[in-house]
Amino acid sequence: MTRDVTQDDFRFFHRLRVRWAEVDLQKIVFNAHYLMYFDTAITDYWRALALPYEAAMHQLGGDLYVKKSSLEFHGSARFDDQLDIGLKCARIGNSSMSFVGGIFRGHDLLVTCELVYVFADPATQTSKPVPQALRDVLNGFEAGEPMVTLQLGAWIGLAEAARPVRTEVFLQEQRVPVEMEWDADDDTALHAVAVNRLGMPLATGRLLPAASGTARIGRMAVSRVLRGSGLGREILQALMQASQARGDAQVMLHAQRSAEGFYKRLGFVAQGEPFEEAGMAHIEMVKAL
């Protein structure tokens, strides 16, 4: 890669501000830290693919190992600079894939990189052909195709996809009692599930029938490793659109206090006093449609 590389060559996956621990006495970043910046951006790249890395690699029957890392320096980042890191998948070979990246301060290109990964058997670390499913995901992403499909429907059709997400989030992570998680409302609710291009369910929620014009949204759950990627927002908006389309006046939900800010940003307003539900603090929130 050469100096004429611009921001238009990449999608940006990470932003950071340089701190003291990353600089030398001249207040410029130690060279080795740039590889750490690119490695962090690669993690965000996989999140943008809607691939929970460990589970996805297990399903694909392999893992990725770094074969080559190379950096080319065009300038230096300094203490307190805000940097943007961009990446793209430039080539997929038989068993390897190459990523190129750039680190920018504003429009100034500071560092370019090439990262080569080999897809291999994790037991023997011998190379294997890159699975076609992974090729399709990478090529589709670089072509701007959506990485997630949103499915709406009845429990009878979506239970197989929604159940593992709710089990992971509510039963395993939050330790909600089993008898509180599965109820008769599932049979009458409209369910939404986000599924990635490997067919892995990642997020879910449900919309209950309206009472006096107010519908209730609940069981909002996003797989832990993909929180913050926008999946929860997509699920919530799909359920609100379905509620509005059937003529509901407003939607209501019981938000965990830790997620109250998320719902506020989407227009929900808290009402009443906080309360405890399944051993966790909640607040009732509503939004007019």
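For region 89-176, count the residues as N, evaluate 2.2 N^0.38 Å, and divide the Cα radius of gyration by that value, please. After normalising by residue count via 2.2 N^0.38 Å, the value is 1.60. In terms of packing, defined here as the mean over residues of other Cβ atoms within 10 angstrom, the peptides 122-128, 194-200 line up highest first as 194-200, 122-128.
When 223, 258 are arranged by Cβ crowding within 10 Å, least crowded first, meaning fewest neighbours, the order is 258, 223. Using modelled amide H (1.01 Å from N, peptide plane; none on Pro or chain starts), what sits under 5 Å from the amide H of residue 281, excluding residues fewer than 5 places away? Amide H neighbours of residue 281, under 5 Å, 5+ apart: 257. At a threshold of 8 angstrom on Cα-Cα distance, excluding pairs fewer than six apart, so keeping six or more, what relative contact order does region 7-142 reach in percent? Relative contact order, region 7-142: 28 percent. With contacts taken as Cα pairs under 8 Å at a separation of at least 6 residues, the chain carries a relative contact order of 13 percent. Evaluating 6.51 cos²θ - 1.76 cosθ + 1.60 at θ = phi - 60° for every residue in region 236-243, the Karplus couplings come out as 4, 5, 5, 5, 5, 5, 5, 5 Hz, glycine and proline recorded as x.
How about residue 88: which lysines have a C-alpha closer than 30 Å to its C-alpha, ignoring those fewer than 8 places off in the same chain? By straight Cα distance, residue 88 reaches 27, 67, 68, 128.
In summary, the convex hull built on the alpha carbon positions of region 126-228 has an orientation-averaged projected area of 9.3 nm². Mean projected area of the Cα convex hull of region 7-142, taken over all directions, amounts to 8.5 nm².
Remark on region 148-288: hydrodynamic radius 15.2 angstrom, per the Kirkwood mean of 1/r across alpha carbon pairs. For the chain, a simple Cβ point-charge model (Lys and Arg +1, Asp and Glu -1, everything else neutral) yields a dipole of about 440 debye relative to the Cα centre. Within the chain, DSSP assigns beta bridges of which about 95% are antiparallel (rounded to the nearest 5).
The spacing between region 104-133 and region 203-238, judged by their C-alpha centroids, is 34 Å.
Put simply, the amide H of residue 268, placed in the peptide plane, has no neighbours under 5 Å, leaving out anything fewer than 5 places away on its chain. GNM on the chain, alpha-carbon springs under 10 angstrom: the most fluctuating residue among 66, 100, 148 is 66. Look at the Cα gyration tensor of the chain: its axes a ≥ b ≥ c give a/c of at least 1.5 with a/b over b/c, and that counts as prolate.
Each value in this text was obtained by applying a stated rule to the coordinates, not by laboratory testing. The structure presented is a predicted model; accordingly, all values stated were derived computationally and were not measured. Don't worry about glycine lacking a Cβ; one is built from the backbone with ideal geometry, like all the others, and counts go over all protein chains shown.
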